[in-house]
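For reference, the structure discussed in these notes is given below.
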Amino acid sequence: MSFFSEERASELKDLFFESATELLQALNEEGLELEKHPGDPEVVRQVRRTVHTLKGDSAACGYSELSALAHELEDALTPELAKQQGTKVAEVVLNAADIFQHMLNAYRTNSPAPTGDRVLDAIHALISKPGPSLAEPVKSAMKAPPLGFEWTEYEKMVMADAASRGLKVIQLSLTIDPNCVVRAVALQMVKNAFADLGTLLVVVPDEGAAMDKVDHISAALASSFDEEYIAKKCKIPAVISDVKVERYAPPAAEPVSANGTGEIDHTQNEDLLGLDNQLDEAPAAETEVGSASNLISAPESTLRVDAEKIDAVLNLVGELIIGKSMLTQTINEFDKKFTKDPLRAKFADALAYQARVLNDLQKSVMKVRMVPVEQLFRRFPRVVRDVSKACGKEVILEVSGQNTDLDKSILDVLAEPMAHLVRNAIGHGIESPADRIAAGKPKIGTIKLNAFHQGNNVVIEVSDDGRGIDRQKVVTKAIERGIVTQEDAARMTEGEALNLIFHPGLSTAEEITSVSGRGVGMDIVKSVLERLKGTVVIDTKVGVGSTFYLKVPLTLAIIKALMFRVAERLYAVPLSSVLEITRAMETEIHRVDQHEVIKLRDQVLTLVRLNKLVKSKSNQKKIFIVVIAIGDRKFGLVVDKLVGEEELVIKALDDHLVATELVSGASILGDGTVVLILNLNSVVTRLGKSSADIDEQLTAGASA
Amino acid sequence: MEQFAALMRSKDRQPIRYLVVDDSVFARKNVTKMVESFGGNVAGEAGDGCTAITEYDRAIPDIVLMDITMPQMEGIEAAERIIRQHPDARVIMVSSVGYQENIVAALQKGAKHFVQKPVKAEVLYEVIKYVMGEDAVAVEGAAAGDSK
């Protein structure tokens, strides 16, 4: 980086760390994908691309250890290898991702980078297994011609023939720049240059030759340009270091090479030998379970402003809102006293303007703090993989609701308790494959992560389909440890008894194994949630599984929504669940089993008539269909009129006023209109049934 | 810090305009800083091949610096399409080694040059000078942005 000033270099480095963190996350995800689909060439290519970018970026920053390791990895990653080695490749990729992470952390703190030898060995072990053919050094290095001309009889003939036709024949000898690694590219570039200069008669070596060991290119050209110009054009920067141009004089004395042997590329051979040595050792790579926790705590700083600063701004906005309501009150009093005063209108205008700006201000500050839960969830595939491997269990992770927005600071704090819950779920919840089969469950256990808005809260669910928590066992243990007395225990409700697991004395019980026994007990989960003013609720059934609901508050949640009208009422659905919007004619609708369907690009789409909700019948011939996705199913909502996209601030609908699950919230638009945000899941399931009572519920919602 | 004589277009003595294509934001920024230190202007940036094509049509830059491995559309294909549309386009492929066949293919399809990653400013400067040929002149002491 000597090229840039210090300041610029540090700016670039910041950018590098930021993008490298993202790349590593991607690499982890791709590694897991590769483990799932070993040998999938597309995934391999993706991994390769990520490693490639990481290599390029780190090399540009001068982080040679990282770029060297990335280079080795990239080189080794071929679809063929992935096919031969299967999941071992994924293993190495994930191990490499860990090392990359360690290296990045070291670079960030300017401490010496850890060695990547272990992964390097693993890489070499990987490529060596299919047989030595891959790494076989090419012994027959081509004897490179020196800067002279040595033509075969045929080549001489071609040149002489051209010359005899009155063409000016130029012979060239080009030395390839030792820094130009890809010789084939050099040849192609030289050929391109020749194409601009004249007609190429002969070139040695020609395509197909083993280019790796070539240092020189000899060529003959029929050209009308003078030698000097040709020399200039052929001296391609970074590719050709030396050019010798000579006019061919037919059939005069042929120049004979002065010194016989050319230089063989020693460095490359040495590389190959070194590789051979490493192949002999090649110990198998071990998984490092501990690395999962490192990943959890690694900072991900897409937010480059100190969060405290934003908090301060948000606080001030809150103060302003209080000020606003004070003003409103004062003006109301003023109104009553001076009903005819023309100043009233002016006050009202100023106040309305201020309110609007204030609203925007609050919205934008809130938005700065919001990040999708995905940032949190995406760390878990790796955790699940490592922990389940360590426990000898088979577990898959299902993630949903990752687009739910959550305050960044809450999100960061949730990472540790969630990781603990997931570890616990795998360690204690999910049974071993044999037990599962015996219990009549699928062999592979499932961990589910889900997130959704619930009024002014965000709920994050961590659930497993394992053995569940045995309430009786918990109580017995609690009594054993003197946490509760026998009498207390007898009076306890189900929930109270289960909550005993959050007691610090209990979480360190012996049943906590090496996986979860890392000092972060269930009591930590509880205390973190309390600190966030949230709650944690357990729902468990012995033999079926447990779900932990982490409920964290959110004063405001903002979603991007698509708004539309049905029977003159305004509704919205989260834009994230909208796949597309299409138009259709009423005549294209078919009936299948009580469902209305339409054929959209050869796919059958079930239609949901929202106007059924309000008992009105539209008689439009052309209809709008909003195609939405729920899970992996698609539905088409039939709407009357599309209004547009809007960022909506969700207001909770008080449970006492509106007891319907069809609406997940409401929002007030700039002009005071209330828009109901539909809970798509319930809407679709409800409309499957006959829907007599839905109407009333929704009408109640709209007038609330 | 090394100084480069600013490279200007011969026809109007204006800065050379570049289109920088790379899926890595970091790499784009890095290259951008380099070409700016050569007195050039980055007329457009793209993170994938498709965008690169539309950006070329919009900006009509003098030089395209094109990464090879990218999502959506790889650099080779983007280069090929650009050159098919604009035979005068000067496309320089920028990539690491290991994509030998790809680079050769790009050169065969009309890419002007290849620069190896990590990009060294001195090398890139010479390459641009070479690729621009008669169409660029070096103006001493007019390096944009980097004046002492």
Worksheet item: Straight-line reach from B:Lys29: which lysines have Cα under 17 Å away, leaving out those fewer than 8 places along the same chain?
Response: A:Lys13, A:Lys55, B:Lys117, B:Lys120
Worksheet, complete the sentence: Row for the range A:373-553, column shape: gyration tensor on C-alpha, a ≥ b ≥ c, rounded if a/c < 1.5 i.e. under 1.5, prolate if a/b over b/c, else oblate; value oblate
Worksheet item: For A:Lys622, which lysines qualify as cross-link partners when the Cα separation must be under 28 Å and same-chain residues fewer than eight apart are set aside?
Response: A:Lys560, A:Lys599, A:Lys612, A:Lys634, A:Lys641, A:Lys689
Worksheet, complete the sentence: Buried accessible surface, B vs A, both sides, probe 1.4 Å, in Å² to 100, equals 3400
Worksheet item: Taking A:Lys168 as the anchor, which lysines have their alpha carbon closer than 23 Å to its alpha carbon, excluding any fewer than eight residues away along the same chain?
Response: A:Lys156, A:Lys191, A:Lys232, A:Lys233, A:Lys235, A:Lys244
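Accessible area per residue for the range A:373-553 in Å², computed with a 1.4 Å probe and the full protein assembly in place, what is it?
Working: 7900 Å² over 181 residues.
Value for the range A:373-553: 44 Å² per residue.
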Worksheet item: Roughly how much of A:Asp470 is accessible, in Å² to the nearest 10, using a 1.4 Å probe?
Response: 60
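With the alpha-carbon atoms as the only input, what is the per residue convex hull volume for the range A:313-404 in Å³?
Numbers: hull volume 11.8 nm³, N = 92.
Value for the range A:313-404: 128 Å³ per residue.
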Fill in: As computed over the range A:6-143, the Cα convex hull volume per residue (Å³)
125
Practice prompt. May I have the count of lysine pairs in the range A:307-371 with C-alpha atoms under 28 Å apart, counting pairs 8 or more residues apart or located on different chains?
Written response: 12
Worksheet item: For chain B, rounded, prolate or oblate, judged on the Cα gyration tensor with a ≥ b ≥ c (square roots of eigenvalues), a/c < 1.5 rounded, else prolate if a/b > b/c?
Response: prolate
Discussion item. Over chain B, with a Gaussian network built from C-alpha contacts below 10 Å, which listed residue (B:Phe114, B:Phe26, B:Phe38) shows the highest mean-square fluctuation?
Written reply: B:Phe26
Worksheet item: Based on the alpha-carbon gyration tensor of the range A:395-502 and its eigenvalue square roots a ≥ b ≥ c, which shape applies: rounded if a/c is under 1.5, prolate if not and a/b is larger than b/c, or oblate?
Response: oblate
Discussion item. Could you sort B:Tyr56, A:Tyr549, A:Tyr353 by their accessible area in this structure, using a 1.4 Å probe and putting the largest first?
Written reply: A:Tyr353, A:Tyr549, B:Tyr56
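The values are calculated or read from the model by the stated rules, or taken from the named source; none is laboratory data. Remember, it's a predicted structure, so these values are computed and weren't measured experimentally. Only protein heavy atoms, including side chains, enter the accessible area calculation; ligands, DNA and RNA are left aside. Shrake-Rupley method; radii C 1.70, N 1.55, O 1.52, S 1.80 Å.
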